[in-house]
Amino acid sequence: MEPSLDRNTANHSNATSTADKKKEAVLEACRRRDLSALRALAESPGGFLTDSIRQQAWPILLGLPPSDIKPEADSLSSWEFLPRHKDEDQVQLDVNRAFIYYPDNQTDSQLAHQKSLLSQLILSVLRQHPYLCYFQGYHDIAQVLLLVLPSSVQLPAVTHLSLFHIRDFMLPSLSPAIAQLRLIPDILRLSDPPLWRHLSHTEPFFALSGTLTMYAHDITSLGEIARLFDVLLAREPVFTVYLFAAIVRSRREELFDTPPDEPEMLHSILSKLPVPLELEGLIAEAVRLQREVPPEKLPAWKGISRWSVLKTSNGRGGEENEGARSVEQGRMYFERQVEELRWEKKKARARKWVWKHRGPARMVAVAVLVGVLAVWLRKGPLPGPLVSGLGYLSGLLARWWR
Amino acid sequence: MYLAEGRDKRVKAILEVGEWAGTVKLVVIGSSGVGKTALLRLYCDHEWDPRLATSTIGIDFKTKRLLVGDQPYKVNIFDTAGQERFRTLSASYYRGAHGVILVYDITNRKSFLDLEGWFQEAKTCSTEVVVLCLVGAKLDKAAQGERQVSTEEGRALAESHGAIFYEVSAKTGENFREPFVGTVQRIVGTPGLLEAVRRKPVPDALRLNRGDYYTKPIILVSLLHCCLSG
């Protein structure tokens, strides 16, 4: 009996010392603001292990300037005097439905207090950055930061998260979010063609709540979502998409049991996370997938705006800024993308108009072409092959136009 | 036409074989927080727990077996998010829908006023023959004097749009089956509706933009090819 007891104790103390060593390593990386070391630690099993370490590491990963991390920062002041944000009613509706799964054992008055804190936190971000659009699910993300971080850094943390991780989802339109989802089929196509074929009739909208909310809407344990946030904050924003691809792949068998021509059923399976959720394995698999098929290899990557968080996440302040990112920078990217969306909308409207009037438009185009050719020909004879080539080209264009 | 929900054994056997007389597709829409998900969860999963009420992100899907007469139907129900920004997405799920259930909260006047927009969406996004059903939810709160929309108003609006009308409560369970059963019954009873919807192409406006990066290179390459070979 005794030897085994001894071994147990030894194992136990081994485990403790490994955990202690890791804690020390995370804290040391925090002191040096060493992002790549933090990233490696976040990917390894257990992530940052405890909330007290997360309180050190997350602000750094989020790129908060050291001045914002001071405990006395009076972060929530004066938001009440700013003008109302257009989405405040929606925020209220969602905050009323927050704190469903955690924290445990709350009395009604504690719950009401938490909800009022959450509402204050979200409203102060939105009022200070009125250009951001609130989306349902944002409250799930804010809730995690509220429960893990000390109150003094909550506001800058949620602000930085909004601007550098989920900025695309806070634009006036949902299309940049959809563009991100389109990466998932591409990852599958390159890493698992049979599964991709099986899902080819299913739109990737099943991944919407997972990616949009950084899984905070779907993971029902605070410990698990906090551990997942370690790695989501440490890596580029595109990692959420790879993680979803890893989740899809982990459910191959279940998916193959459902016929490919039942997209509703497939959607239904994939829109809920598997239970139990093997987070560590999935994180490792997502890391592997991203290495195997990097974003640049995915055709849908071209559909992502150059101002998207996915394409601007490398622009960290560098050594001299100790990895800090400025809010102005995020806002600039946001506004560029709004501009781009406005332009896209105009283009779509024009395309629609042309399509609606394609008969007359085609005639005008042919007339202009003939006119140009006529003028050109009057200037002097053109070499024969060029004329016939042009004729062929215009014929082809007309056929394509139809 | 009588209706049962798998209560006797024969019925259950038919339902379990998984052979359907048809698949009916319903979409549930309405403003945020009116109780779409609660109603659906009660109907499909026999659950009602206000503590578990979360917002729907994007789109959710549930399925239910239902007998109409002695014919088993599979009912696929799409639950949509109430927030405006998700509407572009739910629009794509109207494709092939046979019925639309519009929900408002009888204790929230605004959710009733929003219905004009929801009816508009239901009509532009689906076929002309689609069956509409208007549902006033949270009927239990009427007893506490919280009602802001009268039954008559609700019924009048429904009639003006040719929709079926119910007031329901997920909390007490009052009428909770009727909107689904009534809608499916009317769909099945409308000759040709189940077949017609299946063949209807998606309206162009509803296609989600997949980006031009697939088509542009194809056109360029084919042009080049033609020029060179011509």
#### Entry: Distance in nm between pseudo-label sites at B:Val129 and A:Ser78 (7 Å out along the Cβ direction from Cα)
6.4
### chain A, relative contact order in percent, only Cα pairs under 8 angstrom and at least six apart counted
19
### Query
What are the aspartates and glutamates whose alpha-carbon lies under 17 Å from the alpha-carbon of A:Lys86, with same-chain residues fewer than 8 places away excluded?
A:Asp94, B:Glu84, B:Asp114
### Message
For chain A, take the longest principal axis of its alpha carbons; what is the angle in degrees between that and the long axis of helix A:384-401, to the nearest 10 within 0 to 90?
### Response
50
#### Entry: Summed side-chain charge close to B:Ala163 - residues other than B:Ala163 whose Cβ falls under 12 Å, Lys, Arg +1, Asp, Glu -1
+2
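Counting Lys and Arg as +1 and Asp and Glu as -1, what is the net charge of the other residues whose Cβ lies under 10 Å from the Cβ of B:Asp79?
Values: positive: B:Lys36, B:Arg41, B:Lys62; negative: B:Asp60.
Spelling it out: positives minus negatives among the neighbours equals +2.
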### Task
Excluding residues fewer than 8 places away in the same chain, name every one of the lysines whose C-alpha is closer than 28 Å to that of B:Lys74.
A:Lys272, B:Lys9, B:Lys12, B:Lys25, B:Lys36, B:Lys62, B:Lys64, B:Lys123, B:Lys138, B:Lys171, B:Lys200
### Task
Report P(r) for chain A: all Cα-Cα distances, bin width 10 Å, range 0 to the bin holding the largest distance, values in whole percent.
4, 18, 26, 22, 13, 8, 5, 2, 1, 0, 0
### Exposure of A:Ser173 as accessible area (Å², to 10), given a probe of 1.4 Å and all protein chains
40
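How about region A:328-380: which trypsin sites (Lys or Arg not before Pro) there are in a DSSP loop, with at most 15 other Cβ atoms within 10 Å of their Cβ? Could the numbers behind the result be given before it?
Details: sites: A:Arg331, A:Arg336, A:Arg342, A:Lys345, A:Lys346, A:Lys347, A:Arg349, A:Arg351, A:Lys352, A:Lys356, A:Arg358, A:Arg362, A:Arg378, A:Lys379; in loops: A:Lys379.
Here the sparse-neighbourhood loop sites are A:Lys379.
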## Note on the structure
Long-range amide H partners of B:Val100, meaning residues 5 or more apart or on another chain whose placed amide H is closer than 5 Å, are B:Val27, B:Val131, B:Leu132, B:Cys133
### Summary
Here the relative contact order (percent) of region B:63-203, from C-alpha pairs under 8 Å and at least 6 apart, is 24
### Query
In a shell of Cβ-Cβ distance under 11 Å around A:Pro263, excluding A:Pro263 itself, what net charge do Lys and Arg (+1) and Asp and Glu (-1) give?
-3
### Message
Using alpha carbons only, how many angstrom separate the centre of region A:105-180 from the centre of region B:150-179?
### Response
36
### Query
Straight-line reach from A:Lys347: which lysines have Cα under 17 Å away, leaving out those fewer than 8 places along the same chain?
A:Lys356, B:Lys216
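Taking beta carbons within 10 Å but only from partner chains, what does the mean come to for residues A:92-99? Don't skip to the answer; put the middle values down first.
On the way: counts 1, 7, 5, 1, 3, 9, 2, 1.
Partner Cβ neighbours, averaged per residue: 4.
The values are calculated or read from the model by the stated rules, or taken from the named source; none is laboratory data. Computed from a predicted model, the values in this text were never measured in an experiment. All Cβ positions, even for glycine, are placed from backbone atoms using ideal geometry, and neighbour counts span all protein chains on display. What goes into the accessible areas is simple: the full protein's heavy atoms, side chains included, and nothing from ligands, DNA or RNA. Shrake-Rupley method; radii C 1.70, N 1.55, O 1.52, S 1.80 Å.
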